[in-house]
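*Asks:* Quick one: the structure is below, and I'll ask about it shortly.
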Amino acid sequence: MHEERTEALRRDAIGLREVLFQSVTAMAPAAAVAASIPSGAAFAGGSLPLAVLIALVACLFTASCVAELARELPAAGSVATYAARGLHPAVGFLVGWGYVFVEALVPPLLLLQLGFTAAGTLHEEWPSWPADLWWPWSLAGAAVIAVAGYLGVRASARFGTVLGVFEILVFLVFASLLIGKAGSANTLSVFGTSHTADGYPGFSGVFAGSVYTVLAFAGFEAAAPLAEETRDPRRTMHRAVLGAALGIGLFYVITTYAMTVYYGPDRFTKFGASGEASWDGVARASFGLFWVLVFLAVINSTIANANACANVSTRTAFALARIRVLPGLLATLHPRHRSPVAGIAVQTVVAVGAVLGLGLAYDPVTAFLLLATVIVTVVVGVYIVVNLACAGYFLRSGRAVLKPVRHLLFPVLGIVAFVPALLTAAGLPAFDFVTTLKPPVSYAGPVVGAWIGAGVVVLILLIRRHPERIAETARVHLDQYAPAGQRQDGTVSG
């Protein structure tokens, strides 16, 4: 047994269940089903279940690459470490720089959704409640997440597990009711191309729908930054990343199928995220008070997602601060809970500042769309780089460990799947179904460009003054706590 280093996160604090739900809740399954996936219906129409199934297969290519790298390189730096080892430490730094930035923006994104969803629903039920009184709900959510993070990864991960189980159960029960009520209308034709929207015939509509649906899978990699706090991390990380992507992907397919056959494939083009033609609208019209559970599941999903991504941002910041490419303050840990308390404090300030600053300057929905565009653009770019890193890492590792299908073919297919999603998220009209962004949402591009540009400047300064710090982005810190020559999984390292 080795004495735990004072700068180390808590070892062996959580297991597969908690780590799996770290990724599951980061995908925000209830919110994705109710608000994100329906955007693909404008193109795929009643063939949306096929579009979701295609998106699942496409995402599994990248999930496989992340899982393979997570097994080989269990580190709090996750994607930054993967890029550093698979491509170059400078690339690893830039990936970490971008990833920690956007993951810090995910909690305010979800807190905005929490605010306007809660306020809008209360106003609909009780008109005396002001529809624009959304910010108290957002601040309450920020407080809950901060406390969970402060109490340590075990408390935070178990909290996320409970929330994740609730939202999945609610929507699976609802899906079962929809399939039962659909009766003879149940049909496998929704897994064909005959129900696409006008103007998007056949596979073109399904392809457009799948591009929008792919974005609902973002977050499957969120387990990886908890590697240093997880029991048997190499095996657990691999199972959690793949399990979350596959499990929630099938959840998306089942729920989308259920609503499509119930609502009607040939009129599903009109289905969306709000109004009568939405999950909330159908629940209100046909299932009585069941809509309350749907509402609570979506609210639950925003909190769970924000909690999971706060874990990601603080652990990634900790990893970069530990090697002094970010301010060392962010590596400060609580003496008992071993939580990155300084990072949690910064995360909370960023969340509250972004929620109130953007939400009051514009409105919560516009602020949500602006942040979402910034986040998805960078995250999808990170996925593309990680696919390249997977190929690079295993090519460098030699023929003994190289598996051509997993380590070469899957990365290529993962890149092919995410390039259209990147163009769509950025509003670049490479396809006729891409919506050009308008101000202030179009400010997302300059914001991302400015942040990456600042990262390049910092990188140049570090290379000139402290090149050894950039090289440290490739280190797997778990290995340094193991006996000489032995990795954490008990195998001998070369």
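The values are calculated or read from the model by the stated rules, or taken from the named source; none is laboratory data. It should be emphasised that the depicted structure is a prediction, and the values quoted were computed from it without experimental measurement. Here Cβ is always computed from backbone atoms with ideal geometry, including for glycine, and neighbour counts include all displayed protein chains. Just so you know, the surface numbers come from the protein's heavy atoms only, side chains and all, with ligands and any DNA or RNA stripped out. Shrake-Rupley method; radii C 1.70, N 1.55, O 1.52, S 1.80 Å.
*Asks:* Rule-of-thumb check for segment 79-149: C-alpha Rg over 2.2 N^0.38 Å? Walk me through the intermediate numbers first.
*Replies:* On the way: Rg = 18.4 Å, N = 71, 2.2 N^0.38 = 11.1 Å.
Cα Rg divided by the expected 2.2 N^0.38 Å: 1.66.
*Asks:* Next up: Note the full-extension length gain between Leu296 and His123 as 0.36 nm times their separation in residues minus their Cα-Cα distance, in nm to one decimal.
*Replies:* Between Leu296 and His123, full extension yields an extra 60.7 nm.
*Asks:* Now for a separate question. In Å², and per residue, what accessible area does the chain have when probed at 1.4 Å with the other protein chains present? Walk me through the numbers before you get to the answer.
*Replies:* Details: 19200 Å² over 494 residues.
Accessible surface, normalised per residue, equals 39 Å².
*Asks:* Then there's this: Could you give the dipole magnitude of the chain about its Cα centre, charging the beta-carbon of Lys and Arg +1 and that of Asp and Glu -1, in debye to the nearest 20? Walk me through the numbers before you get to the answer.
*Replies:* Details: 31 positive and 26 negative charges, 272 e Å.
Charge dipole, the chain, about its Cα centre: 1300 debye, nearest 20.
*Asks:* Measure off 7 Å from each Cα along the Cα-to-Cβ vector at Val349 and Asn186, then give the distance between these two points in nanometres to one decimal.
*Replies:* Placing both labels 7 Å along Cα→Cβ, they lie 5.6 nm apart.
*Asks:* Which cross-chain or sequence-distant (5 or more) residues have an amide H under 5 Å from the amide H of Leu326, H modelled 1.01 Å from N in plane?
*Replies:* Excluding prolines and chain starts, which carry no amide H, the hits are Ala321.
*Asks:* For segment 183-280, which GluC sites (Glu not before Pro) are in a loop by DSSP, counting at most 14 other Cβ atoms within 10 Å?
*Replies:* Loop-located and lightly packed - Glu276.
*Asks:* So what are the ³J(HN,Hα) numbers for segment 16-25, from phi and the Karplus equation (6.51, -1.76, 1.60; θ = phi - 60°), rounded to whole Hz, Gly and Pro as x?
*Replies:* Result, ordered by residue: 4, 4, 5, 5, 4, 6, 4, 6, 4, 5 Hz.
*Asks:* With the full set of protein chains in place, find how many percent of the accessible area of segment 1-115 is carbon and sulfur; take the probe as 1.4 Å. Mind showing how you got there, number by number?
*Replies:* Values: 1780 of 2830 Å².
That share works out to 63 percent.
*Asks:* In whole percent, and with a 1.4 Å probe on the protein chains, what portion of the accessible area of segment 279-399 is carbon and sulfur?
*Replies:* Values: 2990 of 4190 Å².
Using a 1.4 Å probe with all protein chains present, segment 279-399 comes out at 71 percent carbon and sulfur.
*Asks:* Expressed as an acute angle from 0 to 90° and rounded to the nearest 10, what is the orientation of the C-alpha long axis of helix 153-182 relative to the principal long axis of the chain?
*Replies:* Relative to the chain, helix 153-182 is tipped by roughly 30 degrees.
*Asks:* I've got another one for you. Using per-residue counts of other Cβ atoms within 10 Å, averaged over each peptide, order 440-447, 68-75, 257-264, 470-477 from highest down. Write out the running numbers ahead of the final one.
*Replies:* Values: 440-447: 16.0, 68-75: 25.4, 257-264: 23.4, 470-477: 20.6.
Peptide ranking by packing, descending: 68-75, 257-264, 470-477, 440-447.
*Asks:* For a Förster distance of 22 Å, can you work out the FRET efficiency between the beta-carbons of Val57 and Glu276, rounded to the nearest 0.05?
*Replies:* On the way: r = 32 Å, r/R0 = 1.47.
The calculated FRET efficiency here is 0.10.
*Asks:* Per residue of segment 102-115, what does 6.51 cos²θ - 1.76 cosθ + 1.60 with θ = phi - 60° give for ³J(HN,Hα)? Whole Hz please, x for Gly and Pro, Karplus curve as stated.
*Replies:* Taking θ as phi minus 60°, the curve returns 6, 5, 6, 8, 5, x, x, 4, 6, 5, 5, 5, 4, x Hz for segment 102-115.
*Asks:* If you plug each phi of segment 342-352 into the Karplus form 6.51 cos²θ - 1.76 cosθ + 1.60 with θ = phi - 60°, what whole-Hz ³J(HN,Hα) values come out, in order, with x for Gly and Pro?
*Replies:* Going residue by residue, I get 5, x, 5, 5, 5, 4, 5, 5, 4, 4, 5 Hz, with x marking Gly and Pro.
*Asks:* Near the amide H of His195, under 5 Å away, which other amide H atoms are found, from residues 5 or more places off or on another chain, if H is placed in the peptide plane?
*Replies:* Amide H to amide H, under 5 Å and 5 or more residues apart or across chains, His195 pairs with Ser47.
*Asks:* Can I ask one more? So what is the calculated 222 nm ellipticity per residue for the chain, using -39500 (n - 2.57) for each DSSP H run with n of 4 or more, over all residues, to the nearest 500 deg cm²/dmol?
*Replies:* It comes out at -22000 deg cm²/dmol, rounded to the nearest 500.
*Asks:* Follow-up. Using a Cα-Cα cut-off of under 28 Å, which lysines could be cross-linked to Lys438, ignoring same-chain neighbours fewer than 8 residues away?
*Replies:* Straight-distance partners of Lys438: Lys270.
*Asks:* How much length, in nm to one decimal, is gained on full extension between Val458 and Tyr443, taken as 0.36 nm per residue of separation minus their Cα-Cα distance? List each step's numbers first, then the result.
*Replies:* Numbers: separation 15, 0.36 × 15 = 5.40 nm, distance 2.28 nm.
So the chain would gain 3.1 nm between Val458 and Tyr443.
*Asks:* For segment 1-144, calculate the relative contact order in percent as a whole number, restricting contacts to Cα pairs under 8 Å that are 6 or more residues apart. Provide the component values of the computation, followed by the final result.
*Replies:* Details: 66 pairs, mean separation 14.7, N = 144.
Here the relative contact order equals 10 percent.
*Asks:* Plugging the Kirkwood radius over Cα pairs into Stokes-Einstein for segment 127-215, at a temperature of 37 °C and a viscosity of 0.692 mPa s, what D comes out in µm²/s? Spell out each step's value before the answer.
*Replies:* Values: Rh = 17.9 Å.
Here the translational diffusion coefficient equals 184 µm²/s.
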